[in-house]
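Novice: Pasting in a structure now, in structure tokens, and then I'll have a few things to ask.
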Amino acid sequence: MADAPRLARASAWMALGTVVSRATGLLRSVLLIAVIGTALNADLFNTANSIPNSLYILVAGGVFNVVLVPQLVRAMRNDPDGGDAYANRIITLGMLVLLGATILLMLAVPLIMRIIYADLFTPEFTAQRQSAYLLMLLCLPQVFFYGAFVLVGQILNARERFGPMMWAPIVNNLTALVVLGIYAVVFGADRGGTGGFSTAESLLLGIGSTLGIVIQAAVLVPFLGRVGFRYRPRFDFRGVGLGHTLRLGAWTLGFIIVNQIAFFVIARLGVRATSEGRARDVPAAGTTVYDFGFLLAQVPHGIITVSVATAIIPTLSAYAAAGRVDRVGVEIGRTLRLVVSLVVPIAVAVGVLGPSLARLLPGENPAIGMTISAFALGMVAFTIHYVVLRGFYAMEDTRTPFWIQLVIMAVNLGTAVVATRLVEPVWVATVLAVCWSLAYVIGLAVAFALLSRRVGGTLVDHEMAWFLLKMALLTLMMCGVMVAASLVWVLFEPTPGGATTAIAQLCVVGGVGTVTYLFMAEVLGMNELRYVLTSLVGSRRR
């Protein structure tokens, strides 16, 4: 654990940036619900603004994010120029691919519309369909700038400059807040809107959203000079090992295709729920509610797991390159213990307090709270699964994660397609969250078993078994105490239903749960939690 202090400090800095980023992202989502609501109009904008990120990931995101960092680390270690030429070729090739893909995707908007908005292709939904088309056309250039952001960010990450990539999304969120604020002032709030947007409204939302991604990518560029990297276009792609990178990327692309098929199907199910609600004039909760719950569930993952996993990838890659798969297992196990000790109590709190969190939002939609709670179990499974996959990627095995993700997609979509037909539109988002959580629990079991076999007994050793036993006990105790405190609160709540009362409940019940967890962790000797807290305090003092 010689690198542990460095890992903790790097993770703390990234976590701080991610905290601010996720906080502003949540504020953006809350403002979106306050201004546009959770009905069909909200789904039209939210889906159009989400698709570019999904399509970018489909085109190149997995290769950029997962495959390139290990390759860049190897080039920095083995190449005489410290990997600069390799990085220049990667950026040049990546930009060309992104530019071509963005143009093709913009030409394919009619096809994408048919896939996502199939339920809107009737005369009744002409205005909504036109709004969706314009919004998607305005948002699709984000594909190129998402790619530029990740390309530059991974160059920085490979040189262990992790902070800028975590902090840059804040400017995008701030831009989105300004755009939504202007929308509210100019056009007013319409939380139950189902009739589509005017051309002026679509232009403001679409151009403003894309501008945020442009700025997000631009703020990273100055940091390249600070790490001593100067970009010079290189077009000599042959004979420099890019074929090896692309072969690894082929399986990763398959992984991403599987993931994005799930995204498109879930998006379609969500839009179908809100369009059905509009047609039947009944409450509905689709894509916007699901995305809000998912965003909230990803906050601890982004703050804790991604920060720690990003910092540990170079170490894992170095051990794997040296043939030390036993050390890969040790590092993955240590990382899992650190992450789980922080994520599990947050998941318990989210599961118990989901309805109270929803009471802080504008409007009345009972499904929001239930959807938040439904993500709790998946929050833990997803974050552990994410760390476990870093072990496969460090060993340059991109094939196994593909097959694991195929299992996850099959479970997720199989259960979602059936379950959403059995409930009213207002509960579709909640059902989708339950199906997502179930899929990742099953996927985690498969991934953990396969990685354990690859690294021998170093992943599940005596220390890990004892840790899991203590965590199970802690989780049960914290959950029991918080549920009991919630029931007592409901019995004696002075003014039910208000936001102020909901905040008080969150503070009291959440505080009781936190104290219970910390006290019992100390009693049971949870060294992982003590180590994290000590490292963060030490980093803050330094």
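Novice: Would a scan of region 179-198 turn up a residue that is of a type in the set (Lys, Arg), assigned to a loop (DSSP other than H, G, I, E, B) and more than 22 Å from the chain's Cα centre (by Cα)?
Specialist: Residues of region 179-198 that are of a type in the set (Lys, Arg), as a first pass: 191.
Then keep just the ones that are assigned to a loop (DSSP other than H, G, I, E, B); that gives 191.
With more than 22 Å from the chain's Cα centre (by Cα) added as a condition, the list becomes 191.
Yes, some residue in region 179-198 is of a type in the set (Lys, Arg), assigned to a loop (DSSP other than H, G, I, E, B) and more than 22 Å from the chain's Cα centre (by Cα).
Novice: Quick check, is Val515 more than 19 Å from Ala358 (Cα to Cα) and touching a Gly at 6+ places or on another chain (Cβ under 7 Å)? Steps first, answer last, please.
Specialist: On the way: more than 19 Å from Ala358 (Cα to Cα): yes; touching a Gly at 6+ places or on another chain (Cβ under 7 Å): no.
Against the criterion (more than 19 Å from Ala358 (Cα to Cα) and touching a Gly at 6+ places or on another chain (Cβ under 7 Å)), Val515 does not qualify.
Novice: Could you list, in sequence order, the residues of region 105-150 that are among the aromatic types (Phe, Trp, Tyr), over 30 Å from Arg161 (Cα atoms) and crowded, with 24+ Cβ neighbours inside 10 Å? Spell out how you get there, then give the answer.
Specialist: Filtering region 105-150 down to residues among the aromatic types (Phe, Trp, Tyr) leaves 117, 121, 125, 133, 144-146, 149.
Filter once more, keeping what is over 30 Å from Arg161 (Cα atoms): 117, 121, 125, 133.
Within region 105-150, Tyr117 is the sole residue that qualifies.
Novice: In addition: Looking at Val289, Val265, can you tell me which residue is open to solvent by 20 Å² or more (accessible area, probe 1.4 Å), in contact (Cβ under 8 Å) with a residue 60 or more places away in the chain and under 30 Å from Phe125 (Cα atoms)?
Specialist: Values: Val289 fails: open to solvent by 20 Å² or more (accessible area, probe 1.4 Å).
Among Val289, Val265, only Val265 is open to solvent by 20 Å² or more (accessible area, probe 1.4 Å), in contact (Cβ under 8 Å) with a residue 60 or more places away in the chain and under 30 Å from Phe125 (Cα atoms).
Novice: Follow-up. So which residues in region 510-528 are more than 12 Å from Pro345 (Cα to Cα) and of a type in the set (S, T, N, Q)?
Specialist: Asn527
Novice: Go through (1) open to solvent by 10 Å² or more (accessible area, probe 1.4 Å); (2) within 17 Å of the chain's Cα centre (by Cα); (3) hydroxyl-bearing (Ser, Thr, Tyr) one by one and return the number of the condition Thr305 breaks.
Specialist: (1)
Novice: Mind listing whichever residues of region 458-488 are within 29 Å of Ala504 (Cβ to Cβ) and open to solvent by less than 30 Å² (accessible area, probe 1.4 Å)? Write out each step before concluding.
Specialist: Of region 458-488, the ones within 29 Å of Ala504 (Cβ to Cβ) are 474-488.
The answer is Leu474, Met478, Met482, Ala485, Ser486.
Novice: For residues that are of a type in the set (A, V, I, L, M), open to solvent by 30 Å² or more (accessible area, probe 1.4 Å) and either in contact with a helix residue (DSSP H, G or I) (Cβ under 7 Å, 6 or more places away or on another chain) or at pLDDT 85 or above (or both), tally how many sit in region 489-506. Let's see the steps before the verdict.
Specialist: Looking only at region 489-506, we keep the residues that are of a type in the set (A, V, I, L, M), and these are 490-491, 499, 502-504, 506.
When the remaining residues are screened for being open to solvent by 30 Å² or more (accessible area, probe 1.4 Å), the result is 490-491, 499, 503-504, 506.
This time we only want the ones that are either in contact with a helix residue (DSSP H, G or I) (Cβ under 7 Å, 6 or more places away or on another chain) or at pLDDT 85 or above (or both), so: 503-504, 506.
Final tally of qualifying residues: 3.
Novice: Here's something else I'd like to know. Can you tell me which residues in region 423-453 are over 29 Å from Leu295 (Cβ atoms) and crowded, with 17+ Cβ neighbours inside 10 Å?
Specialist: So in region 423-453, the residues over 29 Å from Leu295 (Cβ atoms) come out as 449-450, 452-453.
Leu450, Ser452 - these are the residues of region 423-453 that are over 29 Å from Leu295 (Cβ atoms) and crowded, with 17+ Cβ neighbours inside 10 Å.
Novice: Among the listed residues Tyr86, Tyr133, identify the single one that is under 16 Å from Asn46 (Cα atoms), more than 24 Å from the chain's Cα centre (by Cα) and assigned to a helix (DSSP H, G or I).
Specialist: On the way: Tyr86 fails: under 16 Å from Asn46 (Cα atoms).
Exactly one of Tyr86, Tyr133 is under 16 Å from Asn46 (Cα atoms), more than 24 Å from the chain's Cα centre (by Cα) and assigned to a helix (DSSP H, G or I), namely Tyr133.
Novice: Which residue pairs have Cβ atoms under 9 Å apart, sit 6 or more places apart or on different chains, and have a first residue in region 507-523 that is open to solvent by 90 Å² or more (accessible area, probe 1.4 Å) and a second that is among the charged types (D, E, K, R)?
Specialist: Close Cβ pairs satisfying both conditions: Glu522/Arg530.
Novice: For region 341-375, what are the residues that are within 30 Å of Thr458 (Cα to Cα) and either in contact with an Asp or Glu (Cβ under 8 Å, 6 or more places away or on another chain) or charged (D, E, K, R) (or both)? Quick ask: steps written out before the conclusion?
Specialist: First, the residues of region 341-375 that are within 30 Å of Thr458 (Cα to Cα): 341-348.
Across region 341-375, the qualifying residue is only Ser341.
The values are calculated or read from the model by the stated rules, or taken from the named source; none is laboratory data. Nothing here was measured: the structure is a model prediction, and the numbers come from that model. Counting neighbours? That spans all protein chains shown, and the Cβs are built from the backbone with ideal geometry, glycine included. What goes into the accessible areas is simple: the full protein's heavy atoms, side chains included, and nothing from ligands, DNA or RNA. Shrake-Rupley method; radii C 1.70, N 1.55, O 1.52, S 1.80 Å.
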